[in-house]
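The values are calculated or read from the model by the stated rules, or taken from the named source; none is laboratory data. As the structure is a computational prediction, the values presented were derived from the model and not from experiment. Methodologically, a virtual Cβ is constructed for each residue, glycine included, from the backbone with ideal geometry; neighbour enumeration extends over all protein chains shown. SASA here: full protein model, heavy atoms, side chains in, ligands and nucleic acids out. Shrake-Rupley method; radii C 1.70, N 1.55, O 1.52, S 1.80 Å.
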Amino acid sequence: MVLLLRSALIRRFLFLVAVTVSMILFLYLYNKLHFSSSYITPSQALKSFKEHQTVPPTTKRDEVTDKRVDTTTPRKVPPQACVTGRNFDKEKEWATIIEESGRKTSQKSQERAEHVKQMMVHAWTGYKKHAWGANELAPISGNPHSGIFSGTRIGLTIVDSLDTLYTMGLFEEVQLGKMWLKENLTSHLNVSVQVSVFEFNIRFVGGLLSMFALTNECEYRDLAVLCADKLLPAFETPHGIPVAHIDLKHGLNTRFTNFGNAILSEFGTLHLEFFYLSHITGEFKYRNLVENIREKVTKANVNGLYGNHFSINTAKYMSSNLAVSLGGAGDSFYEYLFKSYLQSGKTDTHALKLYFDAMEAIIKEGLLQTSGGGLRYFGMKHTGLSHSAQRRMEHLACFIGGVIGLSAEYSKNQTATLQLAEDIASTCHESYVRAASGIGPESFEFDTSKGDAVSAGGDSGYHMRPEVVETWFFLSRVTKDRKYREWCWDFIKALDKYCKVKDGYVGLHDVYLRRTDSKGEPLKEDVQQSYFMAETLKYLYLIYKDESLLSLDSWVFNTEAHPLPVLHPFS
């Protein structure tokens with residue numbers, strides 16, 4: 001009996017020894033094979049970092065639950081349900097909204113809205129005839145124009161125009177554009193060409209997301225995801241601040257580790273699109289990327305001011321002597337701060353505070369000025385805070401009147417804020433009426449020998465920009481003042497007189513009509529900008545429709561005028 005017990009104990013002991021030895025051997029072999037094969041050199045480590053880490057793990061306080069939550073770990077929620085193919089129910093619903101919005105306005109406004117619709121048809125028809133599938137049209141010569149995405153044929157005008165066509169009820173034209181995108185966009189994006197991350201986002205990602213929001217058709221969502229994913233390698237930098245350009249086929253060139261500076265208005269104008277993309281796909285990675293950008297740039301601000309140039313390598317400003325502007329290089333960053341608040345269903349109060357703090361700092365710094373003639377405007381400090389503000393305002397900066405007007409009801413002094421918005425709108429209007437063509441220049445100066453709001457040696461051309469009309473549209477919705485409709489109608493008449501050609505619309509080299517061709521006609525720019533159809537014609541159409549059409553309570557316009565829906569907070 002004792003011998004049997006000893007024998008059993010010995011067998012159990014030997015069994016445990018065998019299991020232990022097996023486990024040790026397994027762990028040894030696993031570690032040897034796994035870690036030896038994945039060992040990387042220091043130079044490879046940086047590449048691996050950029051390939052696998054875009055932002056360090058961070059947490060923030062959720063404004064709804066009041067709990068600390070991880071903002072960078074990818075999370076998923078069920079994607080939004082959608083319709084495959086053409087959504088006829090949505091088209092019927094939209095047609096009803098368009099019809100009702102027309103009945104609520106005067107006969108004159110209905111006629112003017114129809115006139116703008118025919119302007120869109122004219123521009124679109126010329127593009128279809130001479131440049132279908134190309135990025136833009138050169139209407140005078142009747143040739144395709146590659147535009148800002150040189151070396152590609154990716155249908156920029158199609159993407160930029162679809163939501164304007166849809167808003168106007170031109171559903172069959174929308175289907176033509178959608179068919180081209182379904183058949184060609186994926187393959188045409190598979191080219192080794194450098195594109196602007198900013199432009200590709202606001203136009204392609206924004207335009208496709210807008211069409212998904214309007215139609216709920218799955219194809220638009222899928223194409224938006226395709227385009228957004230093309231941009232993701234741009235974030236593979238030490239602090240997740242995206243580079244300015246990306247190769248559509250190969251992504252980021254990982255041979256370079258010194259990425260230089262990023263432009264505020266470019267890397268700061270991704271939030272609306274990426275936030276909505278997370279909402280409809282359930283993929284939080286897009287939202288996490290732009291929340292990281294906001295955290296980095298707001299942490300680096302100097303007394304509430306944001307410089308136009310930001311170091312990608314250090315996530316800091318190179319100097320406290322910042323270049324600050326509400327025009328080029330700064331503009332849409334401030335726009336997206338405020339509009340992020342609106343997009344969130346007014347729950348992103350952090351964005352609202354950042355916007356008001358930034359505007360207060362800009363005014364305190366002396367960028368808001370009044371000319372000798374009594375015109376209020378925002379000057380620029382492109383050469384640094386240590387210098388006086390330039391007495392010049394860009395057409396690009398005229399957008400701020402609309403944003404200030406929209407933000408007035410949330411400001412400490414609503415009356416003064418709205419007055420400032422209207423003053424800026426009036427100043428930009430003066431730049432139009434003081435030009436012989438009735439169209440404002442690219443930039444205009446104050447307190448010059450030629451007076452105020454005139455181009456005195458700067459760029460006196462009209463490049464089909466929408467910012468002035470944009471501000472008039474928003475202030476028309478906010479104030480209900482009919483003068484903005486009249487200002488827009490004067491502008492429309494000027495467009496038809498000086499910018500309309502046989503197959504579309506073009507810009508002018510000189511709004512003062514001092515430069516003419518051999519026939520004595522104003523010298524024109526032979527390109528029909530896609531944003532003329534995305535923005536200018538959309539705002540002109542909407543200003544003559546009732547505010548129920550794309551209501552500002554339900555929609556937020558991205559900086560390319562692509563409407564995105566106001567969202568409920570994430571659970």
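Asp357 satisfies every condition listed in (1) open to solvent by 40 Å² or more (accessible area, probe 1.4 Å); (2) touching a Lys or Arg at 6+ places or on another chain (Cβ under 7 Å); (3) not aliphatic (A, V, I, L, M) except (2).
Got at least one residue in the range 389-397 being open to solvent by 10 Å² or more (accessible area, probe 1.4 Å), closer than 24 Å to Asp553 by Cα and of a type in the set (Asp, Glu)? No, the range 389-397 contains no residue that is open to solvent by 10 Å² or more (accessible area, probe 1.4 Å), closer than 24 Å to Asp553 by Cα and of a type in the set (Asp, Glu). Kindly evaluate Ser141 against the criterion of being outside any helix (DSSP H, G or I), at pLDDT 95 or above and open to solvent by 40 Å² or more (accessible area, probe 1.4 Å). For Ser141, the condition - outside any helix (DSSP H, G or I), at pLDDT 95 or above and open to solvent by 40 Å² or more (accessible area, probe 1.4 Å) - is met. Taking the range 526-548 as the range and being farther than 17 Å from Gly402 by Cα, open to solvent by less than 20 Å² (accessible area, probe 1.4 Å) and of a type in the set (S, T, N, Q) as the test, the residues that pass are Gln528, Ser530.
Kindly indicate whether any position in the range 562-569 is in contact (Cβ under 8 Å) with a residue 60 or more places away in the chain and within 23 Å of Glu486 (Cα to Cα). Checked against the condition, which is being in contact (Cβ under 8 Å) with a residue 60 or more places away in the chain and within 23 Å of Glu486 (Cα to Cα), the range 562-569 yields no hits at all. Here Val121 does not fit the description of being under 26 Å from Val205 (Cα atoms) and buried (at least 16 other Cβ atoms within 10 Å of the Cβ). Residues in the range 226-256 that are in a helix (DSSP H, G or I) and within 12 Å of Leu189 (Cβ to Cβ): Leu226, Cys227, Ala228, Asp229, Lys230, Leu231.
Count of the range 434-458 residues, restricted to those that are of a type in the set (D, E, K, R), in contact with a helix residue (DSSP H, G or I) (Cβ under 9 Å, 6 or more places away or on another chain) and closer than 15 Å to Met380 by Cβ, is 1. Across the range 443-476, the number of residues qualifying as open to solvent by less than 10 Å² (accessible area, probe 1.4 Å) and either over 16 Å from Trp487 (Cα atoms) or at pLDDT below 95 (or both) comes to 8. Answer yes if at least one residue in the range 265-276 is surrounded by fewer than 21 Cβ atoms within 10 Å (Cβ to Cβ), at pLDDT 95 or above, among the hydroxyl-bearing types (Ser, Thr, Tyr) and in a helix (DSSP H, G or I), and no otherwise. Looking through the range 265-276, none of the residues is surrounded by fewer than 21 Cβ atoms within 10 Å (Cβ to Cβ), at pLDDT 95 or above, among the hydroxyl-bearing types (Ser, Thr, Tyr) and in a helix (DSSP H, G or I).
On the basis of being out of contact with any helix residue (DSSP H, G or I) (no Cβ under 9 Å at 6 or more places or on another chain) and farther than 18 Å from Ile362 by Cβ, does Glu295 make the cut? Considered against the rule, which asks whether it is out of contact with any helix residue (DSSP H, G or I) (no Cβ under 9 Å at 6 or more places or on another chain) and farther than 18 Å from Ile362 by Cβ, Glu295 comes out as yes. Quick one: in the range 477-503, which of the residues that are β-branched (Val, Ile, Thr) and either within 16 Å of Lys538 (Cβ to Cβ) or within 27 Å of the chain's Cα centre (by Cα) (or both) is most open to solvent (accessible area, probe 1.4 Å)? That would be Val478.
For the range 301-318, the set of residues classified as touching a Gly at 6+ places or on another chain (Cβ under 9 Å), within 20 Å of Leu352 (Cβ to Cβ) and surrounded by fewer than 22 Cβ atoms within 10 Å (Cβ to Cβ) consists of Asn301 only.
Being at pLDDT 95 or above, open to solvent by 10 Å² or more (accessible area, probe 1.4 Å), of a type outside the set (Gly, Ala, Ser) and within 22 Å of Lys381 (Cα to Cα) holds for only one residue in Asp348, Asp331, and it is Asp331. Ile148 passes every criterion in (1) buried (at least 22 other Cβ atoms within 10 Å of the Cβ); (2) aliphatic (A, V, I, L, M); (3) outside any helix (DSSP H, G or I) apart from (1). Where helices (runs of 4 or more DSSP H) fall wholly inside the range 465-569, the ranges with 3 or more residues that are in contact with a Ser or Thr (Cβ under 7 Å, 6 or more places away or on another chain) are 483-494, 537-543.
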